[in-house]
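Novice: This is the structure, below, for whatever I ask next.
Since every read-out is calculated from the coordinates, none of them should be taken as a lab result. These numbers come from a predicted model, not from an experiment. Neighbour counts run over all protein chains shown; Cβ positions are idealised from the backbone, glycine included.
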Amino acid sequence: MLSIAFVPSAALLLVALFIGGFLVRQAIQDRDDAESGAITMAEASRGIASLQRERADALKAPGSRSATYTAYADRIDTSLSSLREIARAAPDAEIGYQQTIAVELLTAVEGMDRSDSLAIAGIDDEGRRYYAAAVGAYRSRLDAIAGKLTESNRQTYRDLIGSEDWSRFGAVETALTAAMPPPLGQVAWRAAAGVVGRTLGDLAARQIEYSAQLAIDGGRRVLSGALAAAAAISLLAGVVMAIVMRLARRLPIPIVRCPSRLDATPLTWSHLVNDYAEKSTLLAHTSPRTGRADLSG
């Protein structure tokens, strides 16, 4: 009986351990993917910042500015595309949403830096078209994602667009787009551009950091939940197994006995002789007419 009860109980426990192990392995994979994605986003944002600095220097050098601008734009766009793929592959909808906002904000910062790099290098008729497109694109993108930032980042952005530096920088952009002289001097323009660029860059960095921490915390929560679920499943299976085994010990076990084998007494020669003598005497006193034995004499 114990063997009969043990087999399904042990099978249940093995299944529980298998399911728990699978959940834990999957959770570990999700956590590692989340952490890897967060690290990749941070590294890519730093790489983009490095390319932006290189582009600013390259555009100041003599040569084909258009080719230089396009080469760096393509490299940065490739990095941004890889970040969008990471956001799309996020294990959680909220994490993917925040990562997408971070990438869009970083794209807006890149648009601002592109236009500013062209302005520093000097805008000719060919470059003005690129400049106007870059200014329009980054400002439209900023307006679209401003309301989706974290509360602290929204406040920082509101403070920025309400500042004098933003107004000065915007006035220069408007003038350069319309092929007009800037309304303020080089020093004041570059100072305003520096404040705007640093503020937007800090916003992007904080948004990326927030989405990265969200991804890491989400991966750890998934792992903790999987460990708890695996422990609960294994514990439940162990309790069921213990109950089944305990009940099996208490159940009465019927004993089937075979009288012909258990109760029979081995016959000896003396038993056989006496039995034969008794049967012979009985037959000798049996009346042929009645078929009954007369043992009175």
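Novice: Using the 10 angstrom Cβ neighbour count as an exposure proxy, how do 184, 59, 203 rank, fewest first? Present the calculation step by step, with values, prior to reporting the outcome.
Specialist: Working: 184 15, 59 20, 203 25.
Lowest count first: 184, 59, 203.
Novice: Next question. Each residue of the stretch 30-45 in turn: what ³J(HN,Hα) in whole Hz from Karplus with 6.51, -1.76, 1.60 and θ = phi - 60°, glycine and Pro shown as x?
Specialist: Result, ordered by residue: 5, 5, 5, 5, 5, 5, 5, x, 5, 5, 4, 5, 5, 5, 5, 5 Hz.
Novice: Can I ask one more? Would you mind ranking 173, 209, 126 so that the residue whose beta carbon has the fewest other beta carbons within 10 Å leads the list?
Specialist: Details: 173 25, 209 15, 126 11.
Listed from fewest to most nearby Cβ atoms, that is 126, 209, 173.
Novice: Would you mind counting up the charge near residue 129? Only other residues with Cβ under 13 Å from its Cβ, with Lys and Arg at +1 and Asp and Glu at -1. Don't jump to the answer; show the numbers that get you there.
Specialist: Values: positive: 65, 114, 128; negative: 124, 125, 126.
Residues close to residue 129 contribute a combined charge of 0.
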